[in-house]
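Bear in mind that the values in this text are calculations on the coordinates, not laboratory data. Computed from a predicted model, the values in this text were never measured in an experiment. When we count neighbours, we look across all protein chains shown, and the Cβ atoms used for this are built from the backbone with ideal geometry, even at glycine.
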Ligand code: 13P
């Protein structure tokens with residue numbers, strides 16, 4: 001853990017209009033003008049708020065990321081947004097392969113292509129992986145994660161490996177209030193690191209935990225040896241809760 005800087009990222013999902021997003025920024029920056037020493041912090045607003053939030057946080061050390069990206073640079077892809085567009089909006093990263101996107105049709109192949117397209121465009125990527133309750137109860141979690149990590153990193157250019165973070169988000173823990181136990185989180189994140197080591201320097205790779213992270217459980221989860229931070233959904237919508245989770249990473 002010593003060589004890995006923890007990252008706490010807030011995924012706002014389909015929440016916050018532009019005024020609401022800016023209101024969050026004001027309150028959050030007032031409470032925490034910059035990230036505590038040794039911690040990185042990102043927020044992932046919905047697309048309309050991406051540029052305004054990036055502008056607002058430009059002079060801070062917070063980074064701003066999109067929630068999704070398309071694999072093509074441009075073209076006839078109604079409703080999609082490319083990596084260069086995200087960069088030009090002032091964001092420096094993007095999520096890829098969130099389970100909610102996968103459930104809406106994002107395939108393993110697209111995840112791999114999107115990791116490549118985003119990293120090639122100089123964006124940082126938080127690639128999300130995670131198993132359903134069904135997979136966990138069948139005892140197939142490791143195999144599932146192996147497949148997702150292996151396919152997701154398949155096209156990554158070696159020179160880009162430091163731009164990648166992986167978030168382990170068990171689907172059964174997302175938005176449910178049912179958080180993974182420390183043993184479950186540690187075991188899965190260690191497995192993700194092991195598999196990812198076939199593609200990147202595993203000792204330097206950041207692996208985050210996501211799924212019902214709150215100010216109450218964040219400290220214990222982020223203290224685990226293979227957990228290098230958190231990807232936070234619901235609790236990241238509230239500036240006070242999000243700041244408390246960031247503090248728990250120190
Ligand atoms: P919750 O923190 O709301 O469970 O969401 C987790 C998540 O999906 C973050 O990407």
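Some points to look at:
- Summed over the stretch 146-155, residues that are more than 16 Å from the ligand (Cβ to nearest atom) and surrounded by 21 or more Cβ atoms within 10 Å (Cβ to Cβ) total 2.
- Among the residues of the stretch 29-52, those identified as out of contact with any strand residue (DSSP E or B) (no Cβ under 8 Å at 6 or more places or on another chain) and under 18 Å from residue 90 (Cβ atoms) are 29, 34, 46, 48, 49, 51, 52.
- When residues of the stretch 236-250 are limited to those that are crowded, with 20+ Cβ neighbours inside 10 Å and within 10 Å of the ligand (Cβ to nearest atom), the one farthest from the chain's Cα centre (by Cα): 245
- Any hit, the stretch 125-144, residues being in a loop (DSSP other than H, G, I, E, B), surrounded by 18 or more Cβ atoms within 10 Å (Cβ to Cβ) and within 16 Å of the ligand (Cβ to nearest atom): yes
- Under the condition of being away from the ligand (no atom under 11 Å from the Cβ) and either part of a helix (DSSP H, G or I) or within 18 Å of residue 53 (Cβ to Cβ) (or both), the residues counted in the stretch 201-218 number 0.
- Looking only at the stretch 219-235, residues that are in a helix (DSSP H, G or I) and within 10 Å of the ligand (Cβ to nearest atom) come to 2 in all.
- Where residue 145 falls short, out of the listed (1) touching a helix residue (DSSP H, G or I) at 6+ places or on another chain (Cβ under 8 Å); (2) without any contact (Cβ under 8 Å) to a residue 40 or more places away in the chain: (2)
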